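Worksheet: the structure to be examined is printed underneath.
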C-alpha cells in the first residue's frame, strides 16, 4: 500500500503571482497586461453573472459580456497603459479578443464542473 502524502497549502492555492502578457496591436505598439490565475471563488463569481434568467419567457440566456467583465475585474492585476473597467467598454474588438484568450472560457468552466459532478 502506498504511503499517503498530505498536501500543503501551496498544493491547494493559486500562486497569486501575476503573469505578464504582451498584446501586439495593429500598429506594432504593445499593450502589457498582468493577469493572475483565477481562484475557485473568482470563477464562481464570474459564472454567477453569466446566465440571465428571463422570468417572463421562462428561459436562461448566456451573458458573455457580464462573465468576461467579472472575470477580468478579478484577474487583471495591472496594465500598461493603465485602464479601468469603464475603459473596457471602449476597447477595440481585437484588443478585447486578445484579452479573452488569456481568460478561462465560461464554457470550459461549465463543462469541467459538469464532468466533476459525474465522477
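What the table shows:
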item	result
Inter-label distance for residue 21 and residue 87, nm, one decimal - labels placed 7 Å from Cα along Cα-to-Cβ	1.6 nm
Listed peptides 17-26, 68-77 by packing density, highest first (mean Cβ within 10 Å)	68-77, 17-26
Per-pair calculated FRET efficiency, R0 = 35 Å: residue 107 and residue 32 via Cβ, rounded to 0.05	0.80
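Each reported figure results from applying straightforward, stated rules to the coordinates on display, with no laboratory input. This structure is a prediction, so every number in the text was calculated from the model and none was measured. Glycine also receives a Cβ, built like all others from the backbone with ideal geometry; neighbour counts cover every protein chain displayed.
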